[in-house]
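Notes follow once the structure below has been shown.
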Amino acid sequence: MEHEEVGMGLAIRDHDYHTYAEYLNWPEDCRYELVDGVAYLMAPAPTLEHQDVAGEIYFQLRRALEGKPCRAFIAPVDVRLPKADEADERIDTVVQPDVLVVCDETKLDRRGVRGAPDLVVEVLSPATASHDQLLKRRVYERAGVLEYWLVHPADRVLTVYRLVEGQFGKPDVYELLGHTPLGVLPGVTIAWDALVRRLPKPEY
C-alpha cells in the first residue's frame, strides 16, 4: 500500500474519509492515527532514546498513582475522541499518545479509552514533531485534555499546555532538570536528572 507525504508531517494512507469501524479492520503491521477521518501512518519503531523517555515517565506515573483512582498507560493504546455522543464505529479521531493518564474509569473499556485523558505526554522525534506540536495539539485541545506535555529529548526541554476555559493558553517551558510537578495531578512530579544522564549527548 502506498502512502503520500504531506508537507513535513507524517504520511497519509489515502485521501478517503475513515472511521473507527474501518480502522479496526486494517492490518496490524501498519499503525495509524485517525484525525478528522484522515489516516496518518505512524512513524517506524521509535528510537531507544524515545522509548527510554516514555518508559521512565510512565514508570514514575504508575508508581505515584498506585492506590489512586487515576491510571497511567503507555502506547500503544487507542484513544477514541468522539466529537459528541456518536457510536464508536462513527468516531473519526483515534490517537495513540506515548503516555496518558485517565482519572475517570468510565472512559476505560476493552478497546482502550473513549474520551479525553486528563494528561497526555508525547515524546518528540524529528519524524513526529510537527504532527504532535500542531495537529495533535489542536485535537487534544478540542477534546478537552486538561494537560498536554511535549518532551523534547534532544533539546532537554519540556513544553506544557494547560486547558483553561476550553483552550490551551500560552505554554510553559521547562528544562529537563530536577522535578516538574503535574498541575492535573497534585502531589505528583516527574524527576529528570537520572533519565537525562542516560540520554545520548545532544548533537549541535
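Readers should treat all values here as calculations from the given coordinates under stated rules, not as data from a laboratory. It should be emphasised that the depicted structure is a prediction, and the values quoted were computed from it without experimental measurement. Cβ coordinates were reconstructed from backbone atoms using ideal geometry, including for glycine residues, and neighbour counts include every protein chain displayed.
Rounded to the nearest 5, what % of the DSSP beta bridges within the stretch 98-161 are antiparallel ones?
Values: 10 of 15 bridges.
Within the stretch 98-161, antiparallel bridges account for around 65 percent of the total.
Normalised by the number of residues in the stretch 128-200, what is the relative contact order in percent for Cα pairs under 8 Å and 6+ residues apart? Walk me through the numbers before you get to the answer.
On the way: 88 pairs, mean separation 14.7, N = 73.
Reported relative contact order: 20 percent.
Once the dipole of the stretch 19-67 is set up with Lys and Arg at +1 and Asp and Glu at -1 on Cβ about the Cα centre, which of Val53, Cys30, Ala64 lies farthest towards its positive end?
Positive-most Cα among the choices belongs to Ala64.
Would you mind checking the tilt of helix 48-64 against the longest principal axis of the Cα atoms of the chain, expressed as 0 to 90 degrees and rounded to 10?
That works out to roughly 70 degrees.
If you place +1 on the Cβ of every Lys and Arg, -1 on the Cβ of every Asp and Glu, and leave all else neutral, what size is the dipole of the stretch 148-202 about its Cα centre, to the nearest 20 Debye? Mind dumping the intermediate values first?
Values: 6 positive and 5 negative charges, 44 e Å.
Dipole of the stretch 148-202, to the nearest 20 debye: 220 debye.
How big is D for the stretch 66-147, in µm² s⁻¹ as a whole number, if Stokes-Einstein is applied with the Kirkwood radius of its Cα pairs at 25 °C and 0.890 mPa s?
On the way: Rh = 13.1 Å.
In µm²/s, the coefficient is 187.
With an 8 Å Cα cut-off and a minimum separation of 6 or more residues, compute the relative contact order for the stretch 62-157 in percent. Write down the numbers at each step before the final one.
Working: 150 pairs, mean separation 23.8, N = 96.
Relative contact order for the stretch 62-157 comes out at 25 percent.
Kindly work out what percent of the DSSP beta bridges joining two residues of the stretch 22-165 are antiparallel, to the nearest 5.
Details: 22 of 29 bridges.
Approximately 75 percent, going by the DSSP bridge assignments.
Under 20 Å between C-alpha atoms is the cut-off here; go through the chain and count lysine pairs that meet it, provided they're at least eight residues apart or on different chains. All intermediate terms of the calculation are to be shown ahead of the outcome.
Numbers: Lys68/Lys107; Lys83/Lys107; Lys83/Lys136; Lys107/Lys136; Lys136/Lys170.
Counting lysine pairs in the chain gives 5.
What length, rounded to one decimal in nm, is gained on full extension from Leu48 through to Cys30, with 0.36 nm per residue of separation minus their alpha-carbon distance? List each step's numbers first, then the result.
Numbers: separation 18, 0.36 × 18 = 6.48 nm, distance 1.98 nm.
That works out to 4.5 nm of additional length.
Using packing as a proxy for protection, rank 12-18, 33-39 so that the peptide with the highest average count of other Cβ atoms within 10 Å comes first. Write down the numbers at each step before the final one.
Working: 12-18: 13.6, 33-39: 19.4.
Descending packing order for the listed peptides: 33-39, 12-18.
Report the charge-dipole magnitude of the chain in Debye, nearest 20, computed about the Cα centre from +1 at each Lys and Arg Cβ and -1 at each Asp and Glu Cβ.
On the way: 23 positive and 35 negative charges, 153 e Å.
The dipole of the chain has a size of about 740 debye.
Report the Cα centroid-to-centroid distance between the stretch 117-160 and the stretch 15-50 in angstrom, as an integer.
That distance is 17 Å.
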